[in-house]
Structures are given as structure tokens and as C-alpha cells.
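Chemist: One structure, pasted below without further comment.
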Amino acid sequence: MPAMQGLAAPTMESELRALALAALLTPACAAYARFASRRLRPGLPRLAALSPTFPVFVYLPCMFRSLHLRLFSTFFHTWLATNKLVLLALDLGPLHPSLPLLPFLLSAGLPIKVRHDPSRQPASSNQPPPPPVAEFLRPCARSALLLCCLAAAYPYAAGWLPVYALHYLYCVQIFLTLDLVLSSAALGAAALLGGGAAMERQFSAPLAVASLGGFWGRQWNLMAVDLLRASAYEPVHARWGRDAGVVAAFLMSGILHELLYWYMTLRRPTGEMLLFFLSQAAFQIAERWARAAGLWRPPKPVAYLLVTAFMVVTISEMFFGPFVRAGTDVRLTEETRALVAMVWTAAKRLIRTSGVVSR
């Protein structure tokens, strides 16, 4: 696997400077968006007023050298924040001018969803109630522990594991990393908003995959799913039907992942991200047709095995391929090991210091 070239190595100084700028620019843009939205009607006037914030959110990932921070800035700012503000301009989505300032800023800048106005929820909604804030502590602790184990195991496993098995571990690492960061963001937002805040989990057992529709619609990255549903699926579904809406949502996701590829590698997108997501749309539609016709109703253990194998193979060949060729996986693994080593060193110092104090 080649080492990644083109992006300078991160330093503590460079990343802290970028984090400080992002921490200033994100709430400033969100506060301006709330101010403008309260004074302009939905539609073109509000969209025009909010458009100056879009280049800021598109640029923010470029300030980071760490691939992890570029990834999360792309997700938080370029994808979610921009999408939320476009929906706000149309009076859709999770943001609303009536939100108090702090919940608005947090909802705009972080991948969280705060239940703020029951009157805007459908009367027939059968969604389960959001978990209590304490429930976010468990995934944080679990994900942090398992990530440390993966980081320690990679040097020994990478040399002899088959490619698909190694890429399955990459899938597990992506889930654990996202779950740790998103749960931590929800915990931090809940602490700032107080005990009355109701947060929603972003994952629902995504490693137990029995159907493509269930995985993409109800198990994986639910904040992104909600935004894709509002910005792509529902408008297209209303005009051209359900299957066209599914294709539109996956098409938008593919374009966003092509942009992520550029942010992470500084290389021209290859189109493989787009092909991967369009193929997922086609197979999801085919799965639903086959299920409706009675042609696809395997026992659950068989469904878990077949769908998981399908996901691993397609992700390995079409999703991870461009990143692996660019050396992104090597750089991400190095960053993960460096972070684990830093945390472990800090923990040992803390234990040593506490032992000296106790004497």
C-alpha cells in the first residue's frame, strides 16, 4: 500500500489553529443564518441571504492536515451544515428560526438533532423516544476501547489477513470512530443545553445487516439519512415516485463522497464513489421488488450472511479501492496509532501522578 502524498503531515500547532478558526467561524455563520432567517421569508430571498455562508463551510476542511479532522470537518461543515442551511432557506429540516440561539448554533454546527417543537412532528409519528443522555456514555466507552484494540492489532493483522477481512475491520473502525465522535458531540451538546435536551442516536446496530434498505434507511448515519430524505428523496419521490427518490438520494450521497475523496486525497475524483452508491440504489430497489414478489425471503441468519458479504465485497472493491490506492488507509492507521499512543502516555502519567499524590 503506497504512502499518501500531497498533504503535509499534521502538527499539534497546525491542527489547534485550524480547530480554533473552525470554532469561531462555525457559530458565527450559524448565528448570521438565524438572524437572516428570522427576518426573511422562506424561498429565494432567504437562500440568497444564507448563500455567503456556504463557501465558508466548503473551505473549512481545507484548513486541517489531519485526515481524521478533514473527514469530520467535511461531514460536519461541508455536508451537514450546508445542507441544513439550504433546507432552512426552504423552511425544512432540523433548523428553524424560532429555535433559541444556543440550540440553533449547536444543531447547525454539530451532527445532532434536538427535539424542539412537538407541533412540527407528524401526529402519527411512531418513532421511538430518543434515548436518555446517559445512554451516550456507553457507546463512547465501548468505541474508545475497541478502537484502541484495533489500533494495537493492525500491525499484526495487516500482513496475513485476507483483503476482505481487513476491509471488514476497516468498516468496523469507521463505525466505531463515527459512533465515538457523534456520541461525544451529543454528550457535549446535551451538557450545554441542560438536562431537558433530547438527543437522537445516529446508529442502530449497523454491523448486523439483514437488508440493504434497513441498513441505509434505518441503521447507518441517521442524521445524514434524515437530510438526504428531506433534500433529495422526498422532492423527487413526490414527483416521480419512490424508486426515483431512492436513486436521487444515493446520487446525492455519491456526489458528496466524491467531494470527500478530493478533500482526503487532493486527487481528482474517479467516479467510483458515485458508481458505488448508484449500485447500492439499484440493488436496494431490486431487493424491495424481490421481497414484494416473494422471491427474497431468506431466514434471518442467511440474510445476515449474504447481505453482509455483499456489503463487504462492494465496499472493498468500489469504495475503499480509490482510498487504498491513494494511501489514505495507511495515513489514517498511522494517525490512529499516534492518537492511541498519546492517550496511553497521558493516562500513564496521570496514574503515576495520582500515585505520588496519594502517598
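The values are calculated or read from the model by the stated rules, or taken from the named source; none is laboratory data. Note that the structure is a prediction, hence the values are computed from the model and not measured. Ideal geometry is used to build each Cβ from the backbone, glycine not excepted, and the neighbour counts take in all protein chains shown. Please note that ligands, DNA and RNA were not included when accessible areas were found on the heavy atoms of the full protein model with its side chains. Shrake-Rupley method; radii C 1.70, N 1.55, O 1.52, S 1.80 Å.
Chemist: Nearest 500 deg cm²/dmol is fine: what mean residue ellipticity at 222 nm does the chain get from its DSSP H runs of n ≥ 4 alone, each adding -39,500 (n - 2.57), divided by its residue count? Write out the running numbers ahead of the final one.
Modeler: Numbers: 15 runs with 227 residues, N = 359.
Value at 222 nm, helices only, nearest 500: -20500 deg cm²/dmol.
Chemist: Work from the charge dipole of the chain (Cβ charges, +1 for Lys and Arg, -1 for Asp and Glu, about the Cα centre) and give the residue of 264, 347, 100 farthest towards its positive end.
Modeler: Going by the Cα projections, it comes out as 100.
Chemist: Compute the length gained on full extension between residue 309 and residue 54: take 0.36 nm times their separation in residues and subtract their Cα-Cα distance, giving the result in nm to one decimal.
Modeler: Between residue 309 and residue 54, full extension yields an extra 87.9 nm.
Chemist: Please report, in whole Å³, the volume per residue of the convex hull around the C-alpha atoms of the chain.
Modeler: Working: hull volume 62.1 nm³, N = 359.
Normalising the Cα hull of the chain by residue number yields 173 Å³.
Chemist: Could you please state how large a percent of the accessible area of the chain is carbon and sulfur, counting protein chains only and using a 1.4 Å probe? Numbers along the way, then the final one.
Modeler: On the way: 12660 of 18450 Å².
C and S atoms contribute 69 percent here.
Chemist: Pick out the long, greasy-scoring helices in the chain: whole DSSP H runs spanning 24 Å or more along their own axis by Cα, mean Kyte-Doolittle at least 1.6.
Modeler: In the chain, the long hydrophobic H runs are 163-193.
Chemist: Once you charge only the Cβ atoms, +1 for Lys and Arg and -1 for Asp and Glu, what is the size of the charge dipole of the range 205-355 about its Cα centre, to the nearest 20 debye? Kindly include the intermediate steps, with their values, before the conclusion.
Modeler: Values: 16 positive and 10 negative charges, 84 e Å.
It comes to approximately 400 debye.
Chemist: Using a Förster radius of 45 Å, what is the FRET efficiency between residue 91 and residue 12 based on their Cβ-Cβ separation? Nearest 0.05, please.
Modeler: Working: r = 43 Å, r/R0 = 0.95.
According to the calculation, E is roughly 0.60.
Chemist: Continuing with this model, one more query. Less than 29 Å apart at the alpha-carbon level, and either on another chain or at least 8 residues along: which lysines does that give for residue 113?
Modeler: Reachable lysines: 84.
Chemist: Right, here's the next one. Pop the C-beta distance of residue 341 and residue 239 into the FRET formula with R0 = 35 Å and round what comes out to the nearest 0.05.
Modeler: 0.05
Chemist: Right, next: Counting pairs of alpha carbon atoms under 8 Å apart in space and at least six apart in sequence, what relative contact order in percent does the range 171-292 give?
Modeler: Values: 96 pairs, mean separation 21.6, N = 122.
Value for the range 171-292: 18 percent.
Chemist: For the chain, what is the accessible area per residue in Å², given a 1.4 Å probe and the full set of protein chains?
Modeler: Normalised by residue count, the accessible surface of the chain is 51 Å².
Chemist: Quick check: the distance between the Cα centres of the range 141-178 and the range 20-89, to the nearest angstrom?
Modeler: After rounding, the separation between the Cα centres reads 32 Å.
Chemist: Another question, then. Name the residue from 153, 217, 90 whose Cα lies farthest towards the positive end of the charge dipole of the chain, charges +1 on Cβ of Lys and Arg and -1 on Cβ of Asp and Glu.
Modeler: 90
Chemist: Follow-up. Please report, to one decimal in angstroms, the Kirkwood hydrodynamic radius of the range 22-67 built from all distinct Cα-Cα pairs.
Modeler: 11.6 Å
Chemist: Aspartates and glutamates near residue 300 by alpha-carbon distance under 15 Å, same-chain residues fewer than 8 away left out - which ones?
Modeler: 287
Chemist: For the range 189-331, just say rounded, prolate or oblate: build the C-alpha gyration tensor, square-root its eigenvalues into a ≥ b ≥ c, call rounded for a/c under 1.5, and beyond that prolate if a/b exceeds b/c, oblate if not.
Modeler: Rounded shape, in that the Cα axes give a/c under 1.5.
Chemist: Rounded if a/c is under 1.5, else prolate if a/b is larger than b/c, else oblate: which is the range 205-270, with a ≥ b ≥ c the root eigenvalues of its Cα gyration tensor?
Modeler: Cα axes put the range 205-270 in the oblate bin.
Chemist: Per q in 0.21 1/Å, what log10 I(q)/I(0) does a Debye calculation on the alpha-carbon atoms of the range 234-287 return?
Modeler: So the normalised log intensities work out to -0.72.
Chemist: With each label point set 7 Å from Cα along the Cα-Cβ vector, what nm distance links residue 174 and residue 278?
Modeler: In this crude label model, residue 174 to residue 278 measures out at 1.9 nm.
Chemist: A further question on this structure: Based on Cβ point charges of +1 for Lys and Arg and -1 for Asp and Glu, what charge dipole magnitude is obtained for the chain about its Cα centre, in debye rounded to the nearest 20?
Modeler: Working: 32 positive and 17 negative charges, 116 e Å.
It comes to approximately 560 debye.
Chemist: Which whole-number percent gives the relative contact order of the chain, counting Cα pairs below 8 Å spaced six or more residues apart?
Modeler: After rounding, I find 20 percent.
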